[in-house]
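K.L.:
First the structure, which I've put down as structure tokens, then a few questions once you've had a look.
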Amino acid sequence: MSAAADAFALPDIGAEIERAIQRNLKGLDFLTSAAPAMGQTARDEIHRRGTLSLYHYRPLVDEIYRVPLLIVMATTNRGYILDLAPGQSMVEHLLLQGYDVYMMDWNAPRPQEKQLRIEDYVLDFIPDSLRRVQARSGEEDVTLVGYCMGGVLSTLYAALHPDGPIKNLALFTTPVDFSRMKLFHAWSDRRYFDVDRLIDTIGNVPPEMLFASFDMLRPAGRSAGVVQLWDNMANDEFVKSYRMFDRWGAEMLPLAGEYFRQTVKELMWDNKLFKGELVLGGRKVLLANIKVPVLHALAQHDHIVPYEAGRPLIANIGSTDKEEVVLKGGHVSLAAGANAVRRLWPKLDDWLGVRST
Amino acid sequence: MNKFSPLDPMAMWRELTAQWEKSTNEFANETMASDPFRQGMHGGMNASLTGQKALGDLMARYLAMLNLPTRADIQALGEQLQSIDDHLANISRAMESGRGPAASATAHAPPQPRRTKKPPQAEAAAPAPAAAPKRTAGKRTR
């Protein structure tokens, strides 16, 4: 049939009526049923200290790669985005491919943890977790895998510890040039944003405020998502996926006050990481000090960390074995969901496999 | 060129929704990046913070006068309880890991896998006898 004839083809009325009935029936089911369970892969919490929880996922195969993986989750969100459901879990995929997987996941910081600074994450939580992974696995080398701000923290750690024990560094959507995060940069305009007043008054930054900020990046996204949900109500897989992402997106974590203040002032205002002026624990963070193999995966349609914000990473590190991949998808769909199953996960496995022996 | 039939209302609805989302996001992003928006947003936030602080201070004085615990007192108590809870969890974990092999066997810990896996490419390239090396767990294969 020609394109012109296609354009004027009559819709299948019967099928549309059937879809409408199914949509209404499934809609009732949607309203009355519980959200699908997430984060189901068996794991042990091997250490917990305040906002930090260190998990070890139980291996699913008899033979694994020598080098364990330590995933550093973004500080604003729960780690179960990487372990959504069987068949849609990056963690499960890595376990089945033979990796020994650990994760630094975050709990809501307590009121007294408002004093936590970037240094506490980079010079305490990460090295402490690495030591525990080394002790439990019996291996000296560890691969760090960082997602979003978890990627920033991993990068900072790697730059300050060029002598190890990191063997590889895999990063997803990690910003380096914060001036290129246009809206966040505009909203944190130092002429108007009194971050000191905010933190001094409220302590930790509440998740509602963070959620609103992320939501405002795409103000029509939520409404359009609901329309899409209604349209696809008869599609069980779509509905399940929608519910999982929606719940995860809404379950944001508060941010430690000082950590937020420092992120705004030093990374967002002064762009110190990009300029090579960031100092942590008395030492300058220089990206050129990173010499280990690095993979940086960025998303083509990332509205949170635009490509331009993450691009300078590979250009500025000192590694000779380094690779940047730009994959179709958004900030979250890069790492989780059907898009990730086809694109990022196989790439990550290919890249890690040869470097994990 | 549109891919939907003009006679299919659902397809038209989907297309319209997608266009509305795109144009609304673009317009809103442009507006929210503007100077007046930033000024207004933070002006509102600062006013709210001022009110919140004033109310918090007033309540704290009022509660102190009535000899009742303030929010800060309750938070401090909560922290202490949390700290005790953390210690108990650490003791519990230490006891679990300190149990003998017999006890461990009954626990849910699976047997340790061998750390000898090679990437599929290397396995395919390796000669047959070396394809499945037998090494003890924890030893390096490099």
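Any read-out appearing in this document is the output of simple, stated calculations on the displayed coordinates, not a laboratory observation. Being a predicted model, the structure only gives us computed values, none of them experimental. Because the Cβ atoms are built from the backbone with ideal geometry, glycine has one as well, and the counts that use them run over all protein chains shown.
K.L.:
Would you pull out the residues with amide H under 5 Å of A:ILE46's amide H, same chain only if 5 or more places away, H placed 1.01 Å from N?
P.N.:
HN-HN under 5 Å from A:ILE46: A:LEU54, A:TYR55, A:HIS56.
K.L.:
For region A:197-210, just list the computed ³J(HN,Hα) in residue order, Karplus coefficients 6.51, -1.76 and 1.60, θ = phi - 60°, integers in Hz, with x standing in for Gly and Pro.
P.N.:
4, 4, 5, 5, 8, 9, x, 7, 7, x, x, 4, 5, 5
K.L.:
On average over all directions, what projected area in square nanometres does chain A have, based on the convex hull of its Cα atoms? Don't skip to the end; give the middle numbers.
P.N.:
On the way: hull surface 85.7 nm².
Its average projected convex-hull area is 21.4 nm².
K.L.:
Which of the trypsin sites (Lys or Arg not before Pro) found in region A:258-298 are in a DSSP loop and have at most 15 neighbouring Cβ atoms, other than their own, within 10 Å?
P.N.:
Filter output for region A:258-298: empty list.
K.L.:
So, by mean Cβ neighbours within 10 angstrom, what's the order for A:333-342, A:19-28, B:51-60 with the highest one leading? List each step's numbers first, then the result.
P.N.:
Numbers: A:333-342: 20.3, A:19-28: 13.8, B:51-60: 11.7.
Going by the mean number of other Cβ atoms within 10 Å, highest first, we get A:333-342, A:19-28, B:51-60.
K.L.:
First select every other residue whose beta carbon is under 10 angstrom from the beta carbon of B:ARG93; then total the charges, Lys and Arg +1, Asp and Glu -1.
P.N.:
Working: positive: A:ARG48; negative: A:ASP44, A:GLU45, B:GLU96.
Local net charge: -2.
K.L.:
Mind checking A:221-230 for the average number of partner chain beta-carbons within 10 Å of each residue's beta-carbon? Present the calculation step by step, with values, prior to reporting the outcome.
P.N.:
Working: counts 3, 1, 4, 7, 1, 0, 7, 4, 0, 0.
Per-residue shielding by partner chains comes out at 3.
K.L.:
When you look at the Cβ of every residue in B:39-51, what mean number of other chain Cβ atoms sits within 10 Å? Let's see the in-between values first.
P.N.:
Numbers: counts 3, 1, 6, 10, 1, 0, 6, 6, 0, 2, 6, 2, 0.
Across the residues of B:39-51, the mean count of other-chain Cβ atoms within 10 Å is 3.
K.L.:
So if R0 is 56 Å, what FRET efficiency would B:MET95 and B:GLU15 give, r being the distance between their Cβ atoms, rounded to the nearest 0.05? Intermediate values should be presented prior to the final figure.
P.N.:
Values: r = 62 Å, r/R0 = 1.11.
That pair, B:MET95 with B:GLU15, gives E of 0.35.
K.L.:
Going by amide H atoms built from the backbone, whose H comes under 5 Å of the H on A:VAL325, apart from near neighbours?
P.N.:
A:HIS296, A:ALA297, A:LEU298
K.L.:
Percent antiparallel among DSSP beta bridges with both residues in chain A, to the nearest 5?
P.N.:
Details: 15 of 39 bridges.
The antiparallel proportion sits near 40 percent.
K.L.:
Compare A:VAL142, A:VAL195, A:VAL72 in a GNM of chain A, Cα atoms joined below 10 Å, and give the one with the largest fluctuation.
P.N.:
Comparing A:VAL142, A:VAL195, A:VAL72 in a Gaussian network model of chain A, the most mobile one is A:VAL195.
K.L.:
While we're looking at this one, here's another question. Could you work out how much longer the chain between B:ALA64 and B:ASP85 gets when fully extended? Use 0.36 nm per residue separation minus the Cα distance between them, nm to one decimal. Intermediate values should be presented prior to the final figure.
P.N.:
Details: separation 21, 0.36 × 21 = 7.56 nm, distance 2.86 nm.
Difference between extended and current length: 4.7 nm.
K.L.:
Could you calculate the FRET efficiency of A:ILE17 with B:SER23 from 1/(1 + (r/R0)^6), where r is the beta carbon distance between them and R0 is 41 Å, rounded to 0.05? Mind showing how you got there, number by number?
P.N.:
Working: r = 31 Å, r/R0 = 0.76.
According to the calculation, E is roughly 0.85.
K.L.:
Sticking with this structure for a sec: Residue by residue through A:238-251, how many Cβ atoms from other chains fall within 10 Å of the Cβ on average? If you can, show how the numbers build up before the last one.
P.N.:
Numbers: counts 0, 0, 0, 0, 0, 0, 0, 0, 0, 0, 0, 0, 0, 0.
Average neighbour count from other chains, rounded to a whole number: 0.
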